[in-house]
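Chemist: First the structure, which I've put down as structure tokens, then a few questions once you've had a look.
What follows is calculated from the coordinates using simple rules that are stated; it is not laboratory data. Owing to the predicted nature of the structure, the values given are computational and were not obtained by experimental measurement. Cβ coordinates were reconstructed from backbone atoms using ideal geometry, including for glycine residues, and neighbour counts include every protein chain displayed.
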Amino acid sequence: MQTKRLFIIAIACLLAAGCAKSTKPDEDAADAVGTDGDISRQAGIDTGAVAGGTEYLEPGMLPGDSTLIQETVIYFDFDTARIRPDYSEALSAHARRLVGNQGLNVRLEGHADERGSREYNIGLGERRAQAVRQVLMLQGVSAAQITTVSYGEERPAARGSDEAAWERNRRVEIVYSE
Amino acid sequence: MRPMNLRRLTSMLITAIALLSASTAMAQLRIEINRGVSEAVPVAVVPFGYDGPGQAPIDAAGVIAGDLERSGRFAPLPGDDMISRPTSGREVNFTDWRLLKTDFLVIGSLLDQGADRYLIRFQVFDVFRGAQVLGFQIPASADSLRAASHRAADMIFEKLTGTPGAFSTRIAYVSVTRQGEKDLYRLFVADADGANPRMISESSQPLMSPGWSPDGRRLAYVSFEGSRSAIFVQELATGKRTEVSARPGINGAPAFSPDGRWLALTLSGQDGNLDIHVLNPATGQLRRLTKNPAIDTEAAWSADGKAIYFTSDRSGGPQVYMVPVDGSGGARRITFEGRYNARPRVTPDGASLAVVHNDQGNYRIALVDLETKSTHILTDGRQDESPSIAPNGSMIIYATRLAGRGTLAAVSTDGRISQTLAAAAGDVREPVWSPYPTY
């Protein structure tokens with residue numbers, strides 16, 4: 001995790017340095033960020049480092065954020081809504097993006113693993129979504145931009161009744177819309 | 001007379017539509033009995049006579065024998081073992097049945113009265129005493145023959161055990177099947193023996209928490225069709241749906257009051273604090289019953305409608321609490337054994353709660369005695385949940401997992417009888433037992 005982040009920061013620095021030079025697009029950089037503002041708004045699109053390209057930063061975002069916001073699923077330990085520290089950088093990037101664009105809305109979809117009773121698990125999913133909401137609001141995001149939904153155990157990401165499936169289901173998904 | 005015809009016509013139409021949709025068959029339940037009492041009463045249910053043309057439109061004896069066997073309390077004699085097949089009292093030779101060590105004998109006839117009208121006539125004999133203990137005849141129309149057979153089974157069961165039968169009841173349940181990459185969620189109502197499943201609602205988004213109105217005419221349930229949870233009430237005879245709560249945040253766990261006028265429900269508002277409320281859908285009146293930052297959900301009414309039992313994790317983990325509906329007091333904790341007790345349902349006699357109880361890592365159904373607070377574990381699965389109690393208090397139906405699939409199961413309240421109800425495909429979950437039918 002650490003190494004990856006260092007790598008990203010290193011590339012970001014390189015890009016910043018390379019900004020001043022004129023750049024020739026790579027052949028396989030057809031999707032390079034360049035100046036197309038829409039791409040960075042779609043979740044899951046690779047807006048990462050491309051040699052010779054420029055990271056597109058929306059208002060309020062910091063260099064490296066465009067990669068951090070690709071992290072849209074927060075996972076949780078059993079029976080808790082505590083957000084693990086390794087997610088704090090990604091959440092800060094999401095917060096900066098939302099603060100910088102008041103027209104952008106986000107849905108926090110909370111989930112729980114299958115164990116135990118269903119409506120109580122709706123509560124657990126909601127508690128997790130609220131935990132993420134709190135983090136965002138503490139960093140200045142307005143409540144009007146955030147909706148929480150809990151699916152409890154009803155929409156699992158992974159099928160199966162073992163720890164491997166359960167840990168992939170205890171999650172909050174960050175979903176953007178305008 | 002007129003409402004009866006309209007309802008029958010509607011149910012025929014719905015049945016026709018359901019039959020046309022092949023996928024309905026996938027949710028048909030098949031019952032397997034795992035464990036009956038070793039002292040199940042031996043009973044012979046002789047195939048009924050039929051005075052009409054061709055083949056009898058229903059095997060009434062088969063339905064009755066199946067009901068008695070499913071209760072776990074009776075062991076019907078296989079037809080091949082029957083020495084004789086009387087259909088009227090004067091044909092009965094008690095020696096035959098004593099030889100077969102049968103305790104009770106049920107015989108009968110199906111009489112064709114013309115114009116699609118029938119009479120189911122039956123007699124029950126105590127073999128040892130050589131005397132009749134019950135004789136009755138039930139009128140039926142062509143499409144209520146199965147219901148009339150269940151009614152006969154109810155009467156026989158009550159005569160022989162002292163407990164009213166629950167064979168004329170229905171169950172609602174949720175079925176989930178995989179359609180390519182997506183899940184298809186469907187809400188079904190079927191007879192208590194799993195026959196005649198009828199799809200009530202269908203969605204590509206989750207459906208959950210069905211609950212019967214006390215008159216058996218409506219189902220409340222949660223639907224995520226608007227990409228968020230909302231509570232609907234649907235009238236079964238007409239299919240008419242009303243959205244009764246789509247407030248911001250969570251709308252969950254709907255439960256009708258015993259008088260049918262109120263719905264207990266879970267609301268969270270935008271801040272996500274789940275609490276118990278009661279709503280009068282007719283007037284729109286809403287009252288909040290809990291105000292705790294903990295998760296308070298899964299309301300269940302007491303039989304007198306004066307209190308609500310619910311799940312709360314205010315003490316750290318889920319336990320069952322009780323709160324008076326009139327707001328005259330705060331919530332009182334009810335369960336003290338074990339670190340997880342949730343999803344309470346009250347037995348009809350008001351003496352116990354069925355709960356989901358975590359027993360050393362396994363989620364199982366348990367009965368909690370409301371007076372002594374002692375906990376009696378009834379099931380032995382790992383993911384048992386959603387208990388629902390039959391209106392005669394004798395059986396509890398619940399959801400479990402078998403070979404990786406969601407399956408329904410039933411257990412007697414003394415834990416001795418168990419059976420599974422498996423669907424042909426997909427998962428079935430959240431079974432809810434209907435009230436007694438209102439004729």
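Chemist: Between B:G316, B:G327, B:G66, which gets the highest mean-square fluctuation from a Gaussian network model of chain B, Cα cutoff 10 Å?
Modeler: B:G316
Chemist: How many nm is it between the label spots at B:Q270 and B:S88, if each spot is 7 Å from the Cα in line with the beta carbon?
Modeler: Distance between label points: 7.8 nm.
Chemist: So, one more: Could you give the nm distance between label points at B:A142 and B:Q360, where each point is 7 Å from its Cα heading toward the beta carbon?
Modeler: 5.9 nm
Chemist: Within 10 Å of each Cβ in A:140-152, how many Cβ atoms from other chains are there, averaged over the peptide?
Modeler: 3
Chemist: Roughly how far apart, in whole Å, are the Cα centres of region A:126-162 and region A:74-89?
Modeler: 11 Å
Chemist: Have a look at B:I396, B:I156, B:T238 and report the one farthest towards the positive end of the charge dipole of chain B, computed about the Cα centre with Cβ charges (Lys/Arg +1, Asp/Glu -1).
Modeler: Sorting the options by dipole projection puts first B:T238.
Chemist: While we're looking at this one, here's another question. By counting other Cβ atoms within 10 Å of each Cβ, how are A:M61, B:M82 ranked from fewest to most?
Modeler: Least crowded to most crowded, the residues run B:M82, A:M61.
Chemist: Something else now. How far apart, in nm, are the 7 Å Cα→Cβ label points at A:R82 and B:R314?
Modeler: Going by the 7 Å Cα→Cβ label model, 2.5 nm.
Chemist: Output wanted: per-residue J couplings in Hz (rounded whole) for region B:310-325, from phi through Karplus 6.51 cos²θ - 1.76 cosθ + 1.60, θ = phi - 60°, x for Gly and Pro.
Modeler: Rounded to whole hertz, the list is 7, 8, 9, 9, 5, 9, x, x, x, 9, 8, 10, 10, 9, x, 6.
Chemist: So, one more: With +1 on each Lys and Arg Cβ and -1 on each Asp and Glu Cβ, how big is the dipole of chain B about its Cα centre, in debye rounded to the nearest 20?
Modeler: The dipole of chain B has a size of about 760 debye.
Chemist: So what is the relative contact order of region B:157-254, in percent, for Cα pairs below 8 Å that sit 6 or more residues apart?
Modeler: Numbers: 193 pairs, mean separation 16.3, N = 98.
This gives 17 percent for region B:157-254.
Chemist: Let me have the relative contact order for region B:41-161, percent, based on Cα pairs under 8 Å that are six or more residues apart. Spell out each step's value before the answer.
Modeler: On the way: 217 pairs, mean separation 33.6, N = 121.
Answer for region B:41-161 is 28 percent.
Chemist: Under unit Cβ charges (Lys, Arg +1; Asp, Glu -1), what dipole magnitude, rounded to 20 debye, does the protein assembly as shown have relative to its Cα centre?
Modeler: 1120 debye
Chemist: Turning to a different aspect of this structure: Just need the relative contact order of chain B here, percent rounded to a whole number, with Cα pairs under 8 Å and 6+ apart.
Modeler: 13 percent
Chemist: Next question. Compute the length gained on full extension between B:D326 and B:D380: take 0.36 nm times their separation in residues and subtract their Cα-Cα distance, giving the result in nm to one decimal.
Modeler: 15.6 nm
Chemist: Of A:N101, B:T177, B:A190, whose Cα points farthest to the positive end of the dipole of the protein assembly as shown (charges on the beta-carbon: +1 Lys, Arg; -1 Asp, Glu; origin at the Cα centre)?
Modeler: B:A190
Chemist: Just rank B:E298, A:E55, fewest to most, by other beta-carbon atoms within 10 angstrom.
Modeler: The order, fewest Cβ neighbours first, is A:E55, B:E298.
Chemist: Here is a follow-up. Which value at 222 nm does chain B reach when only helices count, each DSSP H run of 4 or more adding -39,500 (n - 2.57), with the total divided by all residues and rounded to the nearest 500 deg cm²/dmol?
Modeler: Result for chain B: -4000 deg cm²/dmol, rounded to the nearest 500.
Chemist: For B:E158, B:E385, what's the fewest-to-most ordering of other Cβ within 10 Å of each Cβ?
Modeler: Working: B:E158 14, B:E385 27.
Ordered from fewest to most neighbouring Cβ atoms within 10 Å, B:E158, B:E385 come out as B:E158, B:E385.
Chemist: Rounded to the nearest 0.05, what FRET efficiency is calculated for B:D369 and B:R129 with R0 set to 22 Å and r the Cβ-Cβ distance?
Modeler: With R0 = 22 Å, the Cβ-Cβ based efficiency is 0.05.
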